[in-house]
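*Asks:* So that we are looking at the same thing, I have put the structure below in structure tokens.
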Amino acid sequence: MAAAAGLVAAVAAALGALLMAPGLTQPHSGGPPEGSGPGAVERRPPGRMDQAVLLVRNELPAQGLLLAARSGSCHQCLYQFLAFVPPSNGSLRKPGTAEVVVDTQHPLTLQLNDSVSDTELCKFVFIMGTSISLSLSSMLRWGSSKQKVLGKILWRSFLLILLGIIVVNPNYCLGPLSWDNLRIPGVLQRLGFTYLVVAALELLFTRAGAESGTLETLCPALQDILPYWPQWIFILMLEAIWLCLTFLLPVPGCPRGYLGPGGIGDFGNYPNCTGGAAGYIDRLLLGEKHIYQHPSSSVSSFWFAVCSHRSALNIAVRKSLGMVPVGGWKERLVAQVSCNNCFLSKVIYQTTMPYDPEGILGTINTIFMAFLGLQAGKIILFYKDQHKQIMSRFAIWSIVMGIVSAILTKCSKEDGFIPINKNLWSLSYVTTTSCFAFILLLLMYYLVDVKRLWSGAPFFYPGMNSILVYIGHEVFENYFPFKWKMQDSQSHAEHLTQNLTATTLWVIISYVLYRRRIFWKI
């Protein structure tokens with residue numbers, strides 16, 4: 001019990017210094033800090049923004065401890081070594097100590113062991129689909145031929161893809177850009193291709209009288225769906241292709257259906273499997289040098305922290321933040337402190353494989369999401385000025401998408417059939433975000449069209465020049481007055497001020513363009 005009491009004191013001191021610590025960084029260990037002793041002031045490593053100093057004291061006289069940690073945002077990852085905490089000199093007045101600087105953006109699971117052998121070290125797409133339904137309907141109603149409209153679709157898609165390639169490959173200061181390292185995928189590229197597929201699909205299978213409601217259907221309640229059954233068959237075929245490639249395609253050195261981040265995720269079993277089939281297809285067809293080299297976490301922002309739960313020990317730790325007796329040194333000491341999520345996978349998962357979140361395979365589900373937005377546009381056209389009909393159908397679609405998401409994910413964060421994963425654009429990610437998109441569209445429709453309580457300003461103005469604002473932001477985001485050299489780069493207040501200033505400036509610019517009737521359309 002004396003040993004247990006010593007560990008309790010060590011844990012209390014450690015957790016007292018831990019301020020929402022998640023990440024693994026900068027160990028400082030080996031003994032007491034320089035100048036330690038009675039009356040001495042400890043010198044601690046300087047902290048930066050979103051960092052804290054974790055101080056661990058070991059009052060055990062005979063055993064050194066190994067301190068390791070695992071970020072809560074790193075699902076099923078190996079513990080990473082932080083520091084060695086030496087034993088005390090036999091007197092509680094001079095315990096062994098170790099200091100580490102940790103990031104404060106994510107939850108942290110800590111582990112203390114006494115031996116090395118035991119240490120385990122989007123909604124923009126949705127609304128684009130809605131606008132496709134409204135714009136194509138308008139052009140055809142004003143007498144444009146399908147051939148002419150198809151030409152406009154092809155030209156606009158080409159321009160979006162071309163602009164996207166230019167924007168993601170700026171290389172302003174490094175000289176001529178090498179074709180060997182040209183990134184091919186990107187946000188605008190995916191939007192361009194998605195627009196091409198969904199708009200062409202809508203144009204080719206549109207039937208006369210369908211949108212006006214004069215076309216007879218077997219079930220009047222489904223008159224906004226049944227006339228477009230060829231489109232639904234096409235979309236379902238695309239989804240079947242996505243499922244087969246994702247879960248059946250053999251990826252060298254990786255298990256079938258792998259959806260993880262690789263690196264140290266999944267306990268380090270698949271370090272080179274980042275993105276699974278999606279990453280493999282991009283690297284095979286586009287080449288490693290033509291995709292994004294610094295992927296963000298494959299686990300999406302919907303995936304939150306997970307801590308190990310080790311029987312009564314962990315339950316007690318979670319309740320009292322470490323004030324518990326420990327029965328054996330082989331058991332793990334686990335403490336969780338809540339904080340934000342989302343971090344680069346190269347940091348959290350230590351991945352080495354390039355992966356592009358706007359890659360080829362994920363485009364299939366992007367098309368599906370835009371098609372759901374197209375369905376929202378059809379509802380507006382079919383039931384024009386029938387507010388109850390429109391809002392009820394938005395609500396029904398939201399419920400349906402929510403149920404599908406619940407089934408796919410088993411209402412869990414990581415353990416469903418298809419977990420929510422933004423970078424992979426998994427099917428559950430699309431159904432979940434579409435669920436919220438329908439809810440948001442219902443709310444906006446009620447406020448703007450039904451009650452007329454809000455005009456949509458100031459968001460209305462950037463929406464009228466969305467491509468210009470997006471490209472302008474991408475090109476000038478590092479230029480004054482959108483960004484400037486901060487007096488204190490570690491200040492949250494200055495970062496917030498800078499971002500709010502840039503956003504406000506773009507709203508003002510879009511408002512001025514709107515008043516002058518200047519609209520950049522492609």
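*Asks:* Using a 7 Å offset from the Cα along the Cα-to-Cβ direction at both residue 181 and residue 352, what is the distance between the two label points in nm, to one decimal?
*Replies:* Each label point is offset 7 Å from its Cα along the Cβ direction, giving 2.0 nm.
*Asks:* On full extension of the chain, what length is gained from residue 475 through residue 493, given 0.36 nm per residue of separation minus the C-alpha to C-alpha distance? Working shown, then result.
*Replies:* On the way: separation 18, 0.36 × 18 = 6.48 nm, distance 2.43 nm.
My answer for the length gained is 4.0 nm.
*Asks:* Sorted by mean Cβ packing within 10 Å, highest first, what order do the peptides 259-271, 151-163, 64-76 take?
*Replies:* Numbers: 259-271: 21.4, 151-163: 16.5, 64-76: 23.8.
The packing order, highest mean first, is 64-76, 259-271, 151-163.
*Asks:* Rounded, prolate or oblate for the range 414-457? Axes are the square roots of the Cα gyration tensor eigenvalues, ordered a ≥ b ≥ c, and the cut-off for rounded is a/c under 1.5.
*Replies:* Values: a/c = 5.37, a/b = 3.45, b/c = 1.56.
Prolate.
*Asks:* Leaving out ligands, DNA and RNA but keeping every protein chain, what accessible area does residue 483 have, in Å² rounded to the nearest 10, with a 1.4 Å probe?
*Replies:* Surface open to solvent at residue 483 totals about 80 Å².
*Asks:* Using the Cα gyration tensor of the range 456-496, with a ≥ b ≥ c the square roots of its eigenvalues, what is the shape: rounded (a/c below 1.5), prolate (a/b larger than b/c) or oblate (neither)?
*Replies:* Details: a/c = 4.08, a/b = 1.89, b/c = 2.16.
Cα axes put the range 456-496 in the oblate bin.
*Asks:* Shifting gears a bit: Work out the FRET efficiency for residue 459 and residue 294 from their Cβ-Cβ distance, taking R0 = 41 Å, and round it to the nearest 0.05.
*Replies:* 0.85
*Asks:* How much of residue 294 can a 1.4 Å solvent probe reach, expressed as accessible area in Å² and rounded to 10?
*Replies:* Estimated to the nearest 10 Å², residue 294 gives 110 Å².
*Asks:* How far apart, in nm, are two points set 7 Å out from the Cα along the Cα-to-Cβ line at residue 447 and at residue 94?
*Replies:* Taking the simple label geometry, residue 447 and residue 94 are separated by 6.6 nm.
*Asks:* Moving to a separate point now. Could you give the length gained by full extension between residue 166 and residue 522, i.e. 0.36 nm per residue of separation minus their alpha carbon distance, to one decimal place? Please list the in-between numbers first.
*Replies:* Values: separation 356, 0.36 × 356 = 128.16 nm, distance 1.54 nm.
My answer for the length gained is 126.6 nm.
*Asks:* Using 0.36 nm per residue of separation minus the Cα-Cα distance, give me the extension gain between residue 229 and residue 148 in nm, one decimal.
*Replies:* On the way: separation 81, 0.36 × 81 = 29.16 nm, distance 2.45 nm.
Answer, rounded to one decimal: 26.7 nm.
*Asks:* Between residue 97 and residues 5 or more places away or on another chain, which pairs have amide H atoms under 5 Å apart, with H built 1.01 Å from N, and which residues are they?
*Replies:* Hits under the 5 Å cutoff: 31, 58.
*Asks:* To continue, here is another question. I want to check the label-to-label distance for residue 141 and residue 284. Put each point 7 Å from Cα in the C-beta direction and report it in nm to one decimal.
*Replies:* 4.6
*Asks:* Roughly how many Å² of residue 520 are accessible to a 1.4 Å probe, to the nearest 10?
*Replies:* The accessible area comes out at roughly 100 Å².
*Asks:* Return the FRET efficiency for the residue pair residue 76, residue 501: r is the Cβ-Cβ distance, R0 is 45 Å, and the value is rounded to the nearest 0.05.
*Replies:* 0.65
*Asks:* Under 1.5 on a/c is rounded, so check that first for the range 241-297, then, if it is not, pick prolate when a/b is larger than b/c and oblate when it is not; a ≥ b ≥ c are the square roots of the alpha carbon gyration tensor eigenvalues. Could the numbers behind the result be given before it?
*Replies:* Numbers: a/c = 1.77, a/b = 1.01, b/c = 1.75.
Oblate, since a/c reaches 1.5 and b/c is not below a/b.
The values are calculated or read from the model by the stated rules, or taken from the named source; none is laboratory data. All of these numbers come straight from a predicted model, not from anything done at the bench. Note that each Cβ is placed from the backbone with ideal geometry, even for glycine, and that neighbours are counted across all protein chains shown. These accessible areas exclude ligands, DNA and RNA; they are computed on the full protein's heavy atoms, side chains included. Shrake-Rupley method; radii C 1.70, N 1.55, O 1.52, S 1.80 Å.
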